[in-house]
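What follows draws every value from the coordinates through simple rules; no lab data is involved. Predicted model only: the values in this text are computed from it and were never measured. Glycine gets a Cβ as well: all are built from the backbone with ideal geometry, and neighbour counts include every protein chain shown.
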Amino acid sequence: MTRQERADHVLKRLRQLYPDPPVPLDHTDAFTLLVAVLLSAQCTDLRVNQITPALFKLGNTPSKLAAAALEDILAIVRPCGLGPQKAKAIKELSRLLLSEHQGVVPNSLEALERLPGVGHKTAQVVMAQAFGVPSFPVDTHIHRLAQRWGLTTGKSVLQTERDLKRLFPTDSWNKLHLQIIFYGREYCSARGCDGTVCELCRECFPERQKPKRTRKA
């Protein structure tokens, strides 16, 4: 298979397996999604979803979280890891949304990336899932699968993002990054597949398959 043929096959199969993938982080609007994605850095979506109900009870708008005590935010988000940094970022980005964006999450990638604690991937998730703007957020998990499937040789997530955007149609990006995440969790985890186990790894690279040993008579 060529790289494009592998990409076409991956897209077709993932559409069959996950025709309408949900956003895995619980949220009600662009602001709560932004905060949830920020918290998900080096933390599982499951843990974030366990924590955000208490956080959003404390404050589910920029004005409420900007006014909340930093210690109260930290007490809630600490189990996510990097608690002090995340708590400070949540409070500060809430303040900046009020002072610079009239309390509204901007629908601009550049403006989002200027907010505290919001990196390129986080900004792209918000653009894709809150505003429907074609984006292809690539985290370390998508980066790993794209390499396993021969869709990129990039050594960074940014190079992988560029390669994937060239291979897949723009109107597939917002769903596809979720479809890859769900497939990775179910079939092609870091430890559960070594590039020869799951369906897509086998089909993209049949030559990787190890020959079966035959028993001696």
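Residues to consider are Leu158, Leu164, Leu200; find the one that is buried (at least 18 other Cβ atoms within 10 Å of the Cβ) and within 15 Å of the chain's Cα centre (by Cα).
Going through Leu158, Leu164, Leu200 in turn, just one is buried (at least 18 other Cβ atoms within 10 Å of the Cβ) and within 15 Å of the chain's Cα centre (by Cα): Leu164.
Yes or no, residue by residue, for (1) touching a Pro at 6+ places or on another chain (Cβ under 8 Å); (2) more than 30 Å from Ser63 (Cβ to Cβ); (3) not small (Gly, Ala, Ser):
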{"site": "Ser94", "(1), (2), (3)": "yes, no, no"}
{"site": "Leu98", "(1), (2), (3)": "yes, no, yes"}
{"site": "Glu110", "(1), (2), (3)": "no, no, yes"}
{"site": "Gln159", "(1), (2), (3)": "no, yes, yes"}
{"site": "Arg166", "(1), (2), (3)": "no, yes, yes"}
{"site": "Ile181", "(1), (2), (3)": "yes, yes, yes"}
{"site": "Arg185", "(1), (2), (3)": "no, yes, yes"}
{"site": "Thr196", "(1), (2), (3)": "no, yes, yes"}
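Go through Asp26, Asp45 for me and flag whichever is surrounded by 14 or more Cβ atoms within 10 Å (Cβ to Cβ), under 17 Å from Leu145 (Cβ atoms) and of a type outside the set (A, V, I, L, M, F, W, C).
Asp45
With respect to Thr28, determine if the residue is among the hydroxyl-bearing types (Ser, Thr, Tyr) and under 22 Å from Gly81 (Cβ atoms).
no
Just name the residue that is surrounded by the most Cβ atoms within 10 Å (Cβ to Cβ) out of those in segment 134-155 that are part of a loop (DSSP other than H, G, I, E, B), without any contact (Cβ under 8 Å) to a residue 60 or more places away in the chain and over 15 Å from the mean Cα position of the chain (by Cα).
Thr152
Which ones in segment 61-105 are crowded, with 21+ Cβ neighbours inside 10 Å and assigned to a loop (DSSP other than H, G, I, E, B)?
The answer is Val105, and nothing else.
Go through (1) out of contact with any Phe, Trp or Tyr (no Cβ under 6 Å at 6 or more places or on another chain); (2) surrounded by 15 or more Cβ atoms within 10 Å (Cβ to Cβ); (3) assigned to a helix (DSSP H, G or I) and name the single condition Glu110 misses.
Result: Glu110 passes all but (2).
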